[in-house]
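The values are calculated or read from the model by the stated rules, or taken from the named source; none is laboratory data. What you see is a predicted model; the values in this text were computed from it and never measured. In this analysis, Cβ positions are derived from the backbone assuming ideal geometry, glycine residues included, and neighbour counts consider all displayed protein chains.
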Amino acid sequence: MIGCLDTIESFLVRRAICGIEPTGLLGLFRTMWSSVDGHPTAEAIESVIMKRLTIEWPTDERMRESIKTRPLYGAAIAKYVVLEYDKSLGLDQPKTNDFSIEHVMPRSYCDAWSEVVTKPQHAKLKDLWANLIPLSTAMNEVVAQSEFHNKKTYFEVDSMFASARRVGKDFESWGEKEICERSEHLADWAIKRWKRTTNA
């Protein structure tokens with residue numbers, strides 16, 4: 001049964017990351033039990049979904065492209081996927097729900113970042129998953145619009161979140177190159193975390 005739930009989660013999370021509307025899902029789930037003859041397996045559920053040609057289950061390629069180019073901030077799935085990645089780093093998780101999503105490159109274009117990216121670059125990059133990390137609400141307010149070299153120390157030394165510490169540790173600067181690099185890493189991880197067996 002856990003395998004069945006993992007399959008359904010993969011289907012739904014991939015669609016959410018890619019921004020696909022939930023059209024047709026009610027009909028799919030209403031008939032799913034009878035479609036698997038009351039004997040659900042991960043393979044049977046995947047087969048039922050794949051036969052519904054009007055309902056998209058995003059491929060690995062579509063996932064990668066969406067993670068690299070589609071804004072995640074503001075999507076209902078954002079906090080979930082950001083925390084799932086943080087949990088995957090295998091370190092102790094903070095026992096708090098008091099967190100917010102931090103834009104490493106600030107969401108508002110400002111003088112402190114004007115020499116790092118142009119305004120059009122900023123508009124394209126700011127809300128991508130790769131530019132987002134979880135932070136305590138208090139720390140988020142402290143770092144705010146700061147330059148990366150100031151944020152870096154807070155992330156690496158003081159953050160309770162593993163993914164924030166990793167960004168602080170692994171990067172000396174933060175701009176388009178670093179966001180693109182992290183996008184590829186997150187895409188590799190997400191494709192494995194929410195698998196789709198068939199990618200034709």
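Could you pull out the residue among 178, 172 that is crowded, with 19+ Cβ neighbours inside 10 Å and at pLDDT 95 or above? Break it down into steps so the answer makes sense when it comes.
Values: 172 fails: crowded, with 19+ Cβ neighbours inside 10 Å.
Criteria check complete, one pass: 178.
So is residue 85 assigned to a loop (DSSP other than H, G, I, E, B) and closer than 26 Å to residue 17 by Cβ or not?
Spelling it out, it is not the case that residue 85 is assigned to a loop (DSSP other than H, G, I, E, B) and closer than 26 Å to residue 17 by Cβ.
What are the residues in the stretch 157-188 that are in a loop (DSSP other than H, G, I, E, B) and within 18 Å of residue 115 (Cα to Cα), if any?
Narrowing the stretch 157-188 to residues in a loop (DSSP other than H, G, I, E, B): 159-161, 171-175.
Listed by number, the residues that qualify are 171, 172, 173, 174, 175.
Residue 56 passes all but one of (1) more than 22 Å from the chain's Cα centre (by Cα); (2) within 24 Å of residue 186 (Cβ to Cβ); which number fails?
For residue 56, the exception is condition (1).
On the basis of being loosely packed, with under 15 Cβ neighbours inside 10 Å, closer than 21 Å to residue 168 by Cα and either at pLDDT below 90 or not acidic (Asp, Glu) (or both), does residue 112 make the cut?
Working: loosely packed, with under 15 Cβ neighbours inside 10 Å: yes; closer than 21 Å to residue 168 by Cα: yes; either at pLDDT below 90 or not acidic (Asp, Glu) (or both): yes.
In short, yes.
Scanning for something touching a strand residue (DSSP E or B) at 6+ places or on another chain (Cβ under 7 Å), part of a loop (DSSP other than H, G, I, E, B) and not aromatic (Phe, Trp, Tyr), does the stretch 64-72 turn up at least one residue?
Pass one, the stretch 64-72, residues touching a strand residue (DSSP E or B) at 6+ places or on another chain (Cβ under 7 Å): 72.
Restricting the remaining residues to those that are part of a loop (DSSP other than H, G, I, E, B) gives 72.
Keeping just the survivors that are not aromatic (Phe, Trp, Tyr) gives 72.
There is at least one residue in the stretch 64-72 that is touching a strand residue (DSSP E or B) at 6+ places or on another chain (Cβ under 7 Å), part of a loop (DSSP other than H, G, I, E, B) and not aromatic (Phe, Trp, Tyr).
Please state which of the following conditions residue 85 fails to meet, knowing it meets all the rest: (1) over 16 Å from residue 133 (Cα atoms); (2) in the same structural domain as residue 181 (by TED's automatic domain parsing); (3) surrounded by 13 or more Cβ atoms within 10 Å (Cβ to Cβ); (4) under 18 Å from the mean Cα position of the chain (by Cα).
Just one mismatch for residue 85, condition (1).
Look through the stretch 30-53, keep the residues that are assigned to a loop (DSSP other than H, G, I, E, B) and within 16 Å of residue 9 (Cα to Cα), and return whichever of them is nearest to the chain's Cα centre (by Cα). First the steps, then the outcome.
Kept after step one, since they are assigned to a loop (DSSP other than H, G, I, E, B), are these residues of the stretch 30-53: 36-41, 52-53.
With the extra rule that they be within 16 Å of residue 9 (Cα to Cα), the set shrinks to 40-41.
Working: 40: 28, 41: 27 Å.
Here the residue is 41.
List every residue pair whose Cβ atoms lie under 9 Å apart, where the two residues are 6 or more positions apart in sequence or sit on different chains, the first residue falls within the stretch 45-62 and is under 15 Å from residue 23 (Cβ atoms), and the second residue, located anywhere, is of a type in the set (Ser, Thr, Tyr) and not in a helix (DSSP H, G or I).
Close Cβ pairs satisfying both conditions: 54/23; 55/23; 57/198.
Please give the number of the condition residue 56 fails out of (1) among the charged types (D, E, K, R); (2) within 28 Å of residue 180 (Cα to Cα); (3) outside any loop (DSSP other than H, G, I, E, B).
(3)
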